[in-house]
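Chemist: Quick one: structure below, then a few questions.
What follows is calculated from the coordinates using simple rules that are stated; it is not laboratory data. Here the structure is a predicted model, which is why all the values come from computation and not from measurement. Here the Cβ positions follow ideal geometry from the backbone for every residue, glycine too, while neighbour counts run over all protein chains shown.
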Amino acid sequence: MQKIFIKNRKNQNLAVVVEETVRAKGLAFVMHGLGGFKEQSHIQTFVKAFKKENFSVVYFDTTNTFGESDGNYEDATTTNYFEDLEDVIDWAKTQSWYQEPFWLCGHSLGGMCTLLYAQKHFDKVAALAPISTAVSKKLSLETETKESLAKWERTGIQERESASKPGLIKRLKWSYMQDALKYDVLPGAHKLAMPVLLIVGEQDNRTLPAHQKILFDALPGPKEFHVIKGAPHTFREPAHLAQIEKILRAWIQRIG
């Protein structure tokens, strides 16, 4: 395992981990969601699944989150997360272990970013696993109350306690919402002809299973859709993580 810091297009530091496999079957990039970080248990589960299938794996902390990269969470936007994914992949192209086409796997906002990347660079992506993925901000707004949105816009800041880091209050500017409304993966879903794996928790109240089904129905190529019984948006229970690893590995084996 190699952890290094690279520069993104804004000259900010990005913490990147490379787990290189000798004579790798393929290369996978794994991306966390909004406010996430590379050490989260579900991110590590995705990484482990690819490693066990003899892939080299790259995973990283975006800027403006709670990992080791530069920036502040309150300044997070879909645009900055997506650009960081592009910058990590562009850097990887200069490395000896780089392989193309590669695989993409992301959670929540990270899932949306992988979908956006695959729509823009579909010739470079072998397969795609957006987990508990955001589909469009308009759909995501269905999970917010009018009162909470009005307060966020009025005060300019949304405050939520972190589930991954108890006691940490996550403060996010309203500018996140203004930026996010520009993004919707559904209009470009017809470009995603590569194999796609969708996984979501049955109790996900942020990227609803119903939203995943809308995306699933719009995908034109080989596709799978799995609902993890009893699981929330962010997977932490060992039984849920084990189930996801099993699904991921079986999918990789089938199409790899």
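Chemist: I need the trypsin sites (Lys or Arg not before Pro) found in segment 132-198, filtered to DSSP loop residues with at most 15 other beta carbons within 10 Å of theirs. Don't jump to the answer; show the numbers that get you there.
Modeler: Working: sites: 137, 138, 146, 151, 154, 160, 170, 171, 173, 182, 191; in loops: 182.
Passing both the DSSP loop test and the Cβ count: 182.
Chemist: Around residue 74, under 9 Å between beta carbons, what's the net of Lys plus Arg minus Asp minus Glu among the other residues? All intermediate terms of the calculation are to be shown ahead of the outcome.
Modeler: Details: positive: 170, 171, 173; negative: 75.
Residues near residue 74 contribute +2 overall.
Chemist: Cα-Cα over 30 Å: which of 48/213; 138/191; 124/229; 52/173; 124/165; 38/146? If you can, show how the numbers build up before the last one.
Modeler: Working: 48/213 27 Å; 138/191 21 Å; 124/229 33 Å; 52/173 39 Å; 124/165 35 Å; 38/146 32 Å.
124/229; 52/173; 124/165; 38/146, as the Cα separations exceed 30 Å there.
Chemist: Within a Cβ distance under 11 Å of residue 175, other residues only, what is the Lys/Arg minus Asp/Glu net charge? Could the numbers behind the result be given before it?
Modeler: On the way: positive: 173; negative: 74, 75, 153, 179.
Here the count lands on -3.
Chemist: How many nm is it between the label spots at residue 25 and residue 124, if each spot is 7 Å from the Cα in line with the beta carbon?
Modeler: 2.4 nm
Chemist: Let me ask something else. I'm spelling it out carefully: the read-out is log10 I(q)/I(0) by the Debye sum over Cα atoms at q = 0.08 Å⁻¹, the candidates are [x] -0.40; [y] -0.28; [z] -0.33, and one was derived from this structure. Which label?
Modeler: [y]
Chemist: For the chain, build the charge dipole from Cβ charges (+1 Lys, Arg; -1 Asp, Glu) around the Cα centre, then report which of 89, 168, 73 sits farthest towards its positive end.
Modeler: With unit charges placed on the Cβ atoms, the residue in question is 89.
Chemist: May I ask you to derive the FRET efficiency for residue 161 and residue 96 from their Cβ-Cβ distance with R0 = 30 Å, giving the value to the nearest 0.05?
Modeler: Details: r = 43 Å, r/R0 = 1.43.
That gives a FRET efficiency of 0.10.
Chemist: With n ≥ 4 as the cut-off for DSSP H runs, can you work out [θ] at 222 nm for the chain, using -39500 (n - 2.57) per run divided by the number of residues, rounded to the nearest 500? It would help to have the intermediate numbers written out before the result.
Modeler: Working: 8 runs with 87 residues, N = 256.
Computed mean residue ellipticity for the chain: -10500 deg cm²/dmol.
Chemist: Shifting gears a bit: Provide the gained length on full extension for the span residue 203 to residue 227, in nm with one decimal, where the gain is 0.36 nm per separating residue minus the Cα-Cα distance. Please report the intermediate quantities before stating the final value.
Modeler: On the way: separation 24, 0.36 × 24 = 8.64 nm, distance 0.93 nm.
Length gained between residue 203 and residue 227: 7.7 nm.
Chemist: Still on this model: Stretch residue 179-residue 150 to full length: gain in nm at 0.36 nm per residue minus the Cα-Cα span?
Modeler: Values: separation 29, 0.36 × 29 = 10.44 nm, distance 1.66 nm.
Extending this stretch completely gives an extra 8.8 nm.
Chemist: With just the Cα atoms defining each centre, how far is segment 100-162 from segment 1-67? Give it in Å.
Modeler: 18 Å
Chemist: Nearest 5 is fine: what % of DSSP beta bridges in segment 150-256 come out antiparallel, could you say? Spell out each step's value before the answer.
Modeler: On the way: 5 of 11 bridges.
Given both bridge residues lie in segment 150-256, the antiparallel proportion sits at roughly 45 percent.
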